[in-house]
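The values are calculated or read from the model by the stated rules, or taken from the named source; none is laboratory data. Quick caveat, the model's predicted, so the values are computed rather than measured. Here the Cβ positions follow ideal geometry from the backbone for every residue, glycine too, while neighbour counts run over all protein chains shown. Side chains included, ligands, DNA and RNA excluded: accessible areas come from the protein's heavy atoms. Shrake-Rupley method; radii C 1.70, N 1.55, O 1.52, S 1.80 Å.
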Amino acid sequence: MATLIHTLADHSDDVNYCAFSSSCLATCSLDKTIRVYSLSDFTELPYSPLEGHAYAVHCCCFSPSGRLLASCSTDGTTALWDTRDGRRLAVLQQPGASPVRVCRFSPAPAHLLAGAADGSVVLWNVQSLKLYRSGKVKGGSLMACAFSPNGSFFVTGSSSGDLTIWNDKMRCLCNEKAHDLGVTCCDISSHPVSGNENGFKYFQMASCGQDNQIKLWLILSADFLGIQLKYKCTLNGHSAPVLACAFSCDGQMIVSGSVDKCVIIYETSTGNTLHTLSQHTRYVTTCAFAPHSPLLATGSMDKTVRIWQLDLKEPCAGDPIENESKVAVEDWSEDDVSAWLCAQDLSDFVGLFKMNNIDGKELLNLTKESLANELKIESLGLRSKVLQKIEELRMTVSVPDEFLCPITRELMNDPVIATDGYSYEREAMENWISNRRSSPMTNLPLHSLVLTPNRTLKMAISRWLETQQK
């Protein structure tokens, strides 16, 4: 289920793009401004709106750390802003002064990509603010771009319909005619399709275009083969050109926005439509999933940005429930750690942890000594609170999957067996069957609502807990 929870109506003209960081939402518009909102309550930050572009702002994006915001405009520039106070740090002039349509930070925040209407593609060095590499697509405007999760390559899409894959030295690795009437957007899932086997890496990409279609692709990267782009399938659901597409953080969903005024959310693995949202009154120009929360933002020529809350536990009719894919804690980025701090009511420590480059691995290794001596947290009470939350996190990292309730994904305290043969936390299952008579795991009808205590599993969980306390 997708529920509309907020509508932002501060822009005075078409909304062109929206982007999330771990704590903020940025939007940009034909009205020449960028607006920045807090995700805690969707209030506009004190320094917003950001003004300085002479013409329409087409795109905006956050750096991996969330400390920088980039915006690009018809005025031929890409601007860099400090997200802490809204200061404009730099104005980067596109070669040829052509209108800049798209911008994107690389996962390793050394580079910023900017693509323009004349087909020029530029990589800027973010530290030196100097041009690092430049290139050009043939026969069209640069309309879309996306980096691979590891930053080893990026993809651009043009108005001529081509998808081009480049390495970070701006060498063209692959080119494919993708959409006959032009590419409008593309995105690469942050989750590989499969692990690294035999030197292969698989990445999943989505592209959309003026042909009303969304296409899914596999990008194969191998040391001895280079880069290969393979077509996977087409998602048909829109009745007009598709202007935007984006993967969810876990790669399990794709969202798209169209000239038909609709937003469609698809299940990536099957291509099935999960939700169709039709509240916008004009073309939907942009859509984005939040990286650390079940939020979706959609923007439109109706001058609004709509915020949707996604109920990820709600199954679609006929579909089995799939566990949400989660990044292992030890693989968390600094932004993931920031989001976890906010969720634990420890948001006051976000700046401190970022300043000390605390990622998931560092987080799990923190001790009371390092909190006091390295992070300089003077208050014993605050140190204890942080350490307690870290201890809870360490425990969840090592919990055997069979001890977790399939509904809540939390350690079970009172496990029961339902007539579908699966074990659940009693309270969670009772709440489930109070609203429906289907299995949470198979979505098939339950022949009986009787719940039988699973004493064997409860004893196993108790024994495991005892070993964790030693």
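For LEU451, the criteria (1) farther than 28 Å from ASP336 by Cα; (2) open to solvent by 50 Å² or more (accessible area, probe 1.4 Å) hold in every case but one, which is (2). Look at region 156-203 and say how many of its residues are in a strand (DSSP E or B), at pLDDT 85 or above, among the charged types (D, E, K, R) and open to solvent by 50 Å² or more (accessible area, probe 1.4 Å). Adding up the residues that qualify gives 2. Looking at region 244-256, is at least one residue in contact (Cβ under 8 Å) with a residue 24 or more places away in the chain, among the hydroxyl-bearing types (Ser, Thr, Tyr) and either open to solvent by 30 Å² or more (accessible area, probe 1.4 Å) or over 16 Å from ALA178 (Cβ atoms) (or both)? Yes: one or more hits.
Of the helices (runs of 4 or more DSSP H) lying entirely inside region 326-440, those carrying at least 1 residues that are modelled with pLDDT under 80 are 334-343, 380-398, 426-435. For region 82-98, a tally of residues being more than 27 Å from the chain's Cα centre (by Cα) and either surrounded by fewer than 21 Cβ atoms within 10 Å (Cβ to Cβ) or not assigned by the TED database to the domain that holds THR184 (or both) returns 5. Filtering region 273-291 to residues that are assigned to a loop (DSSP other than H, G, I, E, B), in contact with a Cys (Cβ under 7 Å, 6 or more places away or on another chain) and in contact (Cβ under 8 Å) with a residue 24 or more places away in the chain leaves only PRO291.
Taking the options GLU374, GLU402, GLU410, name whichever one is touching a residue at least 40 places away in the same chain (Cβ under 8 Å) and open to solvent by 90 Å² or more (accessible area, probe 1.4 Å). It is GLU402. Entry remark, region 439-448: residues being surrounded by fewer than 17 Cβ atoms within 10 Å (Cβ to Cβ) and out of contact with any Cys (no Cβ under 9 Å at 6 or more places or on another chain) number 5 in total.
Taking the criterion of being within 22 Å of THR184 (Cβ to Cβ) and either touching a Phe, Trp or Tyr at 6+ places or on another chain (Cβ under 8 Å) or not assigned by the TED database to the domain that holds CYS61 (or both), the residues of region 107-118 that qualify are LEU112, LEU113, ALA114. Scanning region 41-66 for residues that are on the phi < 0 side of the Ramachandran plot, more than 17 Å from the chain's Cα centre (by Cα) and open to solvent by 30 Å² or more (accessible area, probe 1.4 Å) gives ASP41, THR43, GLU44, LEU45, PRO46, TYR47, PRO49, GLU51, ALA54, TYR55, HIS58. Does ALA206 qualify as being of a type outside the set (Asp, Glu), at pLDDT 85 or above and assigned by the TED database to the domain that holds SER158? Criteria met by ALA206. Residue selection: SER98 fails the criterion of being under 25 Å from GLY151 (Cβ atoms) and modelled with pLDDT under 95. Quick one: would you say ASP260 is among the acidic types (Asp, Glu), open to solvent by less than 50 Å² (accessible area, probe 1.4 Å), in a loop (DSSP other than H, G, I, E, B) and more than 24 Å from ASN16 (Cβ to Cβ)? Answer is no for this residue.
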